[in-house]
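Data block below; observations after.
The values are calculated or read from the model by the stated rules, or taken from the named source; none is laboratory data. Model, not experiment: these values are computed from the prediction. Counting neighbours? That spans all protein chains shown, and the Cβs are built from the backbone with ideal geometry, glycine included. Heavy atoms of the whole protein, side chains included, go into the accessibility calculation; ligands, DNA and RNA do not. Shrake-Rupley method; radii C 1.70, N 1.55, O 1.52, S 1.80 Å.
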Amino acid sequence: YVQRALYLEESLPSMAYLYVISVSEGILQGDRYRIDIALKNNARVHVTTTGATKLYSMERNYATQIVNISLDDGCYLEYVPDQIIPYAHSRFYQKTSFKVHTNSTLVYSEMVVPGRVAHGESFDYDVCDLKTLARNQNDELTFVDIARLIPEGGVLKTLGILGEYDVFGTIYIVTSKKYLEQLKSAVNSAREKFPNVSAGVTTLPHDSGLLIRVMGNRADEIKTFNYEVVAIVRKLVLNASFSGVRKS
């Protein structure tokens, strides 16, 4: 269910806030979800969820989610959902496809926590597979990124993967080449405000944007870092402030 658009920003009255509300408790085995978002006519939109995405235990089969995002010339989208919580023995595959005009901007984030830690579950899921592909307005492939999390045998906690961290996140900033150096510098400076968050910034192929890998031990700290990145991008691209997201 998608709530009716709200307009919450005094500094940017045209920015629509859309809340995706799940009508179920979570994602079950055999579930097949699909989300399509298309922006036209210089639209400005912030999309979020009202809670975490819970992946329930699966005795057989698996669950999938397909996300298709398309931005025409001059559009701007922030897609910042809450975290994914994979329960023990869950199996989840997500494929996200971007089609972003070179004169538009997309900020997209995703975050995976280790599980229901309060219930004694930590890295007990089977697999969480996240694949992202991006194309420009000419349908030319600009980048592919895959994060395949398989915690069996404790491999995710080894040096070079998650190491000492429990929470894994990614932020994609797909935007015009002219913003890249300023954005990279601003994000690198912002990292100093978050001593408990480890983040690395890299330029995507074909100068199509930036990729930020984020790790930490608390979802709320990474979420705050994500909002800091959103604020940086919005200020540079739209010259507007970001007041945060209201979810209560």
**Message:** Give me, ordered by chain and number, the residues 5 or more places off residue 143 or on other chains with an amide H under 5 Å from its own placed amide H.
**Reply:** 134
**Prompt:** So, with a 1.4 angstrom probe, what is the percent of accessible area on the chain that is carbon and sulfur?
**Reply:** 49
**Complete:** Expected sort for 55-67, 183-195 on mean C-beta neighbours within 10 Å, highest first, is 55-67, 183-195
**Asked** In what sequence, highest mean first, do 28-36, 70-78 appear when ranked by Cβ atoms within 10 angstrom?
**Response** 70-78, 28-36
**Message:** Please list, in order along the range 17-22, the HN-Hα scalar couplings obtained from phi with the Karplus expression 6.51 cos²θ - 1.76 cosθ + 1.60 (θ = phi - 60°), rounded to whole Hz, x for Gly and Pro.
**Reply:** 9, 10, 10, 8, 10, 7
**Request:** Can you grab the distance from the C-alpha centre of the range 205-232 to the C-alpha centre of the range 132-198, Å, no decimals?
**Result:** 7
**Asked** Helix 180-190 versus the longest principal axis of the chain: what is the Cα-based angle in degrees, 0 to 90, to the nearest 10?
**Response** 50
**Asked** So which of 54/235; 54/177; 178/223; 131/184; 99/235; 99/184 end up more than 29 Å apart, counting from Cα to Cα?
**Response** 54/235; 54/177
**Message:** To test your reading of the geometry: what angle, between 0 and 90 degrees and rounded to tens, separates the Cα axis of helix 219-238 from the longest principal axis of the chain?
**Reply:** 20
**Message:** With an 8 Å Cα cut-off and a minimum separation of 6 or more residues, compute the relative contact order for the chain in percent.
**Reply:** 14
**Asked** What residue among 175, 48, 158 shows peak mean-square fluctuation when the chain is described by a Gaussian network model with Cα springs under 10 Å?
**Response** 158
**Asked** Could you give the accessible area per residue of the chain, probe 1.4 Å, as a whole number in Å²?
**Response** 49
**Request:** Just check the range 138-248 against the gyration tensor rule for me: Cα atoms, a ≥ b ≥ c as the square roots of the eigenvalues, rounded for a/c under 1.5, and otherwise prolate or oblate depending on whether a/b exceeds b/c.
**Result:** oblate
**Prompt:** residue 89: net charge of surrounding residues, Cβ under 13 Å, Lys/Arg +1, Asp/Glu -1, itself excluded?
**Reply:** -2
